[in-house]
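**Q** Dumping the structure here so I can ask a few things about it.
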Amino acid sequence: MDTDLHSHIRQSGLDPLKVLLGSVSELFQLDDNTLENIKFYVIKEAFYRHYNNNDFYRNSCKEKNIHPDDIKQLSDLVRIPLVPIELYKANDSHKLLSVSLNDVELEMRSTGTSGIPSVSRRCSDTVDHAVFSIYAMYREFFSISKGAGLYLCPSTEEIPEMGMIKALNMLAGLLDTHRFMVEREQFVPEEVVDQIHAWENRFSTHIIGPPFLINRFIRYLKARNIKLSLDKSAYVITLGGWKRFSGEMLSREEFNRECVEFLGVKEHQIRDIYALVESNVMAIDDEFGEKHVTPYIHFSVRDPEHLDQEVPEGEVGQLAILDPLAKSTPGFMLTEDMVRLLPGKSRSGRSGQRVQYVMRKPEAKEFGCCAVNLDKKLEEVEADEPNCPVVS
């Protein structure tokens, strides 16, 4: 962002970051250098904010002999100290706050295989940023404003603090109607089929949920040789890990093929979302299956053996997220995910970073998000019902 323009926005009483939040489509049309400069300014400003307001984080910076004034250009962003994601699971995770506990409006949780919840706290400004950003990304990549949402997951009423469901539930605000198909840890695929038929010729039905539950539904269709035909405006939208509680890794390629065969969609209608409850980032598939990173958030892919160094673009490394939307906690996070940034130009014509998720770091203490525990519970219920038509 041009410094004069940045100053003018500030002098007008506007928040430059909130101005950007309403300009996702325009940001994706900028050239990469301009977009990188914009990200640099908002990330550096966020670094100053957390350095000045967070004793724990400032001490971490001092230990590394890093001050915000040392960040002078985009290549310096790699020097910003990172918060390991496991600190969100610590008993004293409140030390990550750059605001008072009294200013926390929302707590969200994600629990993987360890059973220890990761707690993400958001103040009012951070909630504003997340809401504006998520809706802007949904509109950019789905252009949804009507239709029916068939959620293959529990409702937020049942699990109000589960970040994955909270984010997916926001799609419902863009639709005419919706229904959650997991109630009291029960999933009945016959009811899903009945609901799809009930909405036929009335609404485009979007199937939404974690990959394992949509895969579970497809297993039911496959066992019964039922082939549905969703219309050309429908989406299959997944959010959550592709690794099951058993350790089995779902194949995205096979998943897509079976969605085409049993749900009657084209491959470009199948869209996956990468997100973390601890961050405000969303990386969403475009029509070519390439995940675009939220344009004002920066992905830095590090050498796992030398975390202060980035790997060349296109190579696999450990993901660090630089998220200026986070005001309540430092948005500079070292994840346990292995990814690669896609080189070259986007086939959809959008600028910015595109990412491919590869795997969880092999030595990670746990895998999966809150979806894995739901997967395990449903599998246990299924095992207790020998007449259940769902088969592996």
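The values are calculated or read from the model by the stated rules, or taken from the named source; none is laboratory data. Model, not experiment: these values are computed from the prediction. Note that each Cβ is placed from the backbone with ideal geometry, even for glycine, and that neighbours are counted across all protein chains shown.
**Q** Consider Y135 carefully, then state whether it is surrounded by 19 or more Cβ atoms within 10 Å (Cβ to Cβ), assigned by TED's automatic domain parsing to the domain that holds S279 and either under 17 Å from the mean Cα position of the chain (by Cα) or in contact (Cβ under 8 Å) with a residue 40 or more places away in the chain (or both). Show your work before the answer.
**A** On the way: surrounded by 19 or more Cβ atoms within 10 Å (Cβ to Cβ): no; assigned by TED's automatic domain parsing to the domain that holds S279: yes; either under 17 Å from the mean Cα position of the chain (by Cα) or in contact (Cβ under 8 Å) with a residue 40 or more places away in the chain (or both): yes.
Taking the combined requirement at face value, the residue does not satisfy it.
**Q** For the stretch 292-335, how many residues are over 15 Å from P81 (Cα atoms), among the charged types (D, E, K, R) and in contact with a Leu (Cβ under 8 Å, 6 or more places away or on another chain)?
**A** Residues meeting the conditions: 1.
**Q** Could you run through the stretch 157-183 and say how many residues are assigned to a loop (DSSP other than H, G, I, E, B) and over 22 Å from N215 (Cβ atoms)? Full working, then the answer.
**A** The initial filter retains those residues of the stretch 157-183 that are assigned to a loop (DSSP other than H, G, I, E, B), namely 157-161, 175-176, 181.
Then keep just the ones that are over 22 Å from N215 (Cβ atoms); that gives 157, 160-161, 175-176.
Number of matching residues: 5.
**Q** When you look at V127, is it at pLDDT below 90 and of a type in the set (V, I, T), yes or no? Before the answer, list the steps.
**A** On the way: at pLDDT below 90: no; of a type in the set (V, I, T): yes.
Against the criterion (at pLDDT below 90 and of a type in the set (V, I, T)), V127 does not qualify.
**Q** Which condition number does S300 fail, the rest of (1) in a loop (DSSP other than H, G, I, E, B); (2) out of contact with any Ser or Thr (no Cβ under 9 Å at 6 or more places or on another chain); (3) within 23 Å of I38 (Cβ to Cβ) being met?
**A** Among (1) in a loop (DSSP other than H, G, I, E, B); (2) out of contact with any Ser or Thr (no Cβ under 9 Å at 6 or more places or on another chain); (3) within 23 Å of I38 (Cβ to Cβ), the lone unmet condition for S300 is (1).
**Q** Go through (1) without any contact (Cβ under 8 Å) to a residue 24 or more places away in the chain; (2) within 19 Å of P154 (Cβ to Cβ); (3) not small (G, A, S) and name the single condition H206 misses.
**A** Going through the list (1) without any contact (Cβ under 8 Å) to a residue 24 or more places away in the chain; (2) within 19 Å of P154 (Cβ to Cβ); (3) not small (G, A, S), H206 breaks only (1).
**Q** Report, ordered by the first and then the second residue, all pairs with beta carbons closer than 9 Å, sequence separation of six or more or different chains, a first member in the stretch 300-319 that is assigned by TED's automatic domain parsing to the domain that holds R340, and a second member that is among the β-branched types (V, I, T) and at pLDDT below 95.
**A** Pairs that qualify, where the first residue is assigned by TED's automatic domain parsing to the domain that holds R340 and the partner is among the β-branched types (V, I, T) and at pLDDT below 95, are V316/V358.
**Q** Report whether or not E261 is in a loop (DSSP other than H, G, I, E, B) and more than 20 Å from the chain's Cα centre (by Cα). Spell out how you get there, then give the answer.
**A** Details: in a loop (DSSP other than H, G, I, E, B): no; more than 20 Å from the chain's Cα centre (by Cα): yes.
The answer is no for E261.
**Q** Restricted to the stretch 196-232, and to residues that are out of contact with any Lys or Arg (no Cβ under 9 Å at 6 or more places or on another chain) and of a type in the set (G, A, S), which residue is nearest to D272 (Cα to Cα)?
**A** Taking the candidates together, the pick is G209.
**Q** A follow-up question, please. Out of the stretch 343-361, which residues are assigned to a loop (DSSP other than H, G, I, E, B) and of a type in the set (S, T, N, Q)?
**A** As a first pass, look at the stretch 343-361 and keep what is assigned to a loop (DSSP other than H, G, I, E, B): 343-353, 361.
Residues satisfying the conditions are S346, S348, S351, Q353.
**Q** Out of curiosity, is L325 over 28 Å from E26 (Cα atoms), among the hydrophobic types (A, V, I, L, M, F, W, C) and either in a loop (DSSP other than H, G, I, E, B) or touching a residue at least 60 places away in the same chain (Cβ under 8 Å) (or both)? Please lay out each step first, then the result.
**A** Numbers: over 28 Å from E26 (Cα atoms): no; among the hydrophobic types (A, V, I, L, M, F, W, C): yes; either in a loop (DSSP other than H, G, I, E, B) or touching a residue at least 60 places away in the same chain (Cβ under 8 Å) (or both): yes.
Here the answer is no, as L325 does not meet what is asked.
**Q** I'd like to check something: does the stretch 89-101 contain any residue that is in contact with a strand residue (DSSP E or B) (Cβ under 9 Å, 6 or more places away or on another chain), farther than 20 Å from Y296 by Cβ and among the charged types (D, E, K, R)?
**A** Yes, the stretch 89-101 contains a residue that is in contact with a strand residue (DSSP E or B) (Cβ under 9 Å, 6 or more places away or on another chain), farther than 20 Å from Y296 by Cβ and among the charged types (D, E, K, R).
**Q** Within the group I226, I237, I218, which residue is outside any helix (DSSP H, G or I) and closer than 17 Å to H197 by Cα? Working first, answer last.
**A** On the way: I237 fails: closer than 17 Å to H197 by Cα; I218 fails: outside any helix (DSSP H, G or I).
Selected residue: I226, the only one of I226, I237, I218 that is outside any helix (DSSP H, G or I) and closer than 17 Å to H197 by Cα.
**Q** Between residues in the stretch 344-364 that are without any contact (Cβ under 8 Å) to a residue 40 or more places away in the chain and in the same structural domain as E36 (by TED's automatic domain parsing) and residues that are of a type in the set (S, T, Y) and in a loop (DSSP other than H, G, I, E, B), which pairs lie under 6 Å by C-beta distance while being six or more apart or on different chains?
**A** That search, which allows pairs on different chains as well, returns nothing.
**Q** Just give me the residues in the stretch 267-291 being over 29 Å from S229 (Cα atoms), touching a helix residue (DSSP H, G or I) at 6+ places or on another chain (Cβ under 6 Å) and among the β-branched types (V, I, T), in sequence order.
**A** Answer for the stretch 267-291, where residues must be over 29 Å from S229 (Cα atoms), touching a helix residue (DSSP H, G or I) at 6+ places or on another chain (Cβ under 6 Å) and among the β-branched types (V, I, T): just V277.
**Q** When you scan the stretch 210-251, how many residues do you find that are of a type in the set (G, A, S) and either modelled with pLDDT under 95 or outside the structural domain of M164 (by TED's automatic domain parsing) (or both)? Give the derivation first.
**A** In the first step, residues of the stretch 210-251 are kept if they are of a type in the set (G, A, S); the result is 223, 229, 233-234, 240-241, 246-247, 251.
Filter once more, keeping what is either modelled with pLDDT under 95 or outside the structural domain of M164 (by TED's automatic domain parsing) (or both): 240-241, 246-247, 251.
So the answer is 5.
**Q** Mind checking whether some residue in the stretch 184-191 is assigned to a helix (DSSP H, G or I), under 24 Å from Y296 (Cα atoms) and of a type outside the set (A, V, I, L, M)? Step through it out loud before you land on a result.
**A** Start the filter on the stretch 184-191 by keeping residues that are assigned to a helix (DSSP H, G or I), which leaves 189-191.
The next check asks that each one be under 24 Å from Y296 (Cα atoms); those that pass are none.
Taking every residue of the stretch 184-191 in turn, none turns out to be assigned to a helix (DSSP H, G or I), under 24 Å from Y296 (Cα atoms) and of a type outside the set (A, V, I, L, M).
**Q** Sticking with this structure for a sec: Is one or more of the residues making up the stretch 248-262 over 22 Å from N169 (Cβ atoms) and β-branched (V, I, T)?
**A** yes
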